[in-house]
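Below is one structure; the comments refer to it alone.
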Amino acid sequence: MTTIFSIDSRSVAILGAGTQGRRLAFMWSSQGGTVNLIDVNPQQLQESRAYISGLIKASSSNHKRGEIRLFLATELEQACKNAWLIVECVPEKLALKRKTVVELDKCAPLGTIIASNSSSYTIDDIIDGLELKEPARTLSAHSYWPPETPAIEIMASKHTQPDFIKVMMEQCRSHGFSPYHVRNGSTGYIYNRIWAAIKRETLLALSEGVASPAEIDGIFKDVLKTPKGPCELMDVVGLDVVLDIEEHYAYKRIGIPEEPRELLREMVGKDLLGVKSGKGFYEYR
């Protein structure tokens, strides 16, 4: 049986200093613990330090903040050697995530939890067929937009030791997250699975000429009292990312309609990616 390290005095290591990684570093340092933030790009690491400082200044929390240390990917072993938890936040490409988990499994101490922050791939997708020395310590820990949206979904693989799920639920709660246990393997976890249905029907309605993006968003916000509608949200995420996720859902599930992906392919082909390209369903300046 896998031995779980004591968490006292141990660090959290986060691989990937992008949007999610830097926000997770802020959350995991909220109780005074050390966070080692790792990336291949020195500039991204320095930008993360400045970004996290801004989050700390804007925070109303009186928690004692922990130390956030920056490491290049060449220092991966050093950054992980004292960690009780390692979270991968590398780009959403399955081959890269599989390679990353193998590297982490090699350098992480026995008993250290290895978590994937993937939004579309389950931990079973990632570790399937990999030769890991300790598959029982792998799990999914998918967060949304911390600290503003503190929800985090914890999901086991077929091999995960139940004690690790219990530890993650407890530690996430104590660090300001709102943890939800995904009790069975689920592509899309809980929220994204439901959001996927809304998103797909929105794209299908658009492809059929039922309504315009503004009309769909307008009625959605009128009925559900949300600040943004589905087209606005997809523009924020990036329509290329939405397409990648939809392609993955179509691969995993039978019967998903083709029209939503056809619409997305057409828009992505015209560089209509949403906010990041200046135009998607709407124009941005």
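The values are calculated or read from the model by the stated rules, or taken from the named source; none is laboratory data. Computed from a predicted structure; not experimentally measured. Quick reminder, even Gly has a Cβ in these numbers, built from the backbone with ideal geometry, and neighbours come from all protein chains shown. SASA here: full protein model, heavy atoms, side chains in, ligands and nucleic acids out. Shrake-Rupley method; radii C 1.70, N 1.55, O 1.52, S 1.80 Å.
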* Asked: In this structure, does ILE113 turn out to be hydrophobic (A, V, I, L, M, F, W, C) and open to solvent by less than 20 Å² (accessible area, probe 1.4 Å)?
  -> yes
* **Any helices (runs of 4 or more DSSP H) falling wholly within segment 72-169 and containing at least 1 residues that are under 19 Å from the mean Cα position of the chain (by Cα)** => 94-107, 123-127
* To do: Determine whether segment 76-90 contains at least one residue that is among the hydrophobic types (A, V, I, L, M, F, W, C) and free of Cβ contacts under 8 Å to residues at least 60 places away in the same chain.
  => no
* **Any chance ILE68 is in contact (Cβ under 8 Å) with a residue 24 or more places away in the chain, open to solvent by 40 Å² or more (accessible area, probe 1.4 Å) and among the aliphatic types (A, V, I, L, M)** => no
* Would you mind stating whether SER60 is outside any helix (DSSP H, G or I) and surrounded by fewer than 14 Cβ atoms within 10 Å (Cβ to Cβ)? => yes
* Structure fact -> Turns out the helices (runs of 4 or more DSSP H) fully within segment 182-243 with at least 3 residues that are open to solvent by 70 Å² or more (accessible area, probe 1.4 Å) are 191-207, 213-224
* Test: LEU85 is open to solvent by less than 70 Å² (accessible area, probe 1.4 Å), of a type in the set (A, V, I, L, M, F, W, C) and touching a strand residue (DSSP E or B) at 6+ places or on another chain (Cβ under 6 Å) -> yes
* **Filter result (open to solvent by 80 Å² or more (accessible area, probe 1.4 Å) and within 22 Å of the chain's Cα centre (by Cα)) within segment 248-285** => TYR251, LYS252, LYS276
* Filtering segment 142-163 down to residues that are under 20 Å from ALA25 (Cα atoms) and crowded, with 19+ Cβ neighbours inside 10 Å, which residue is modelled with the lowest pLDDT? -> PRO146
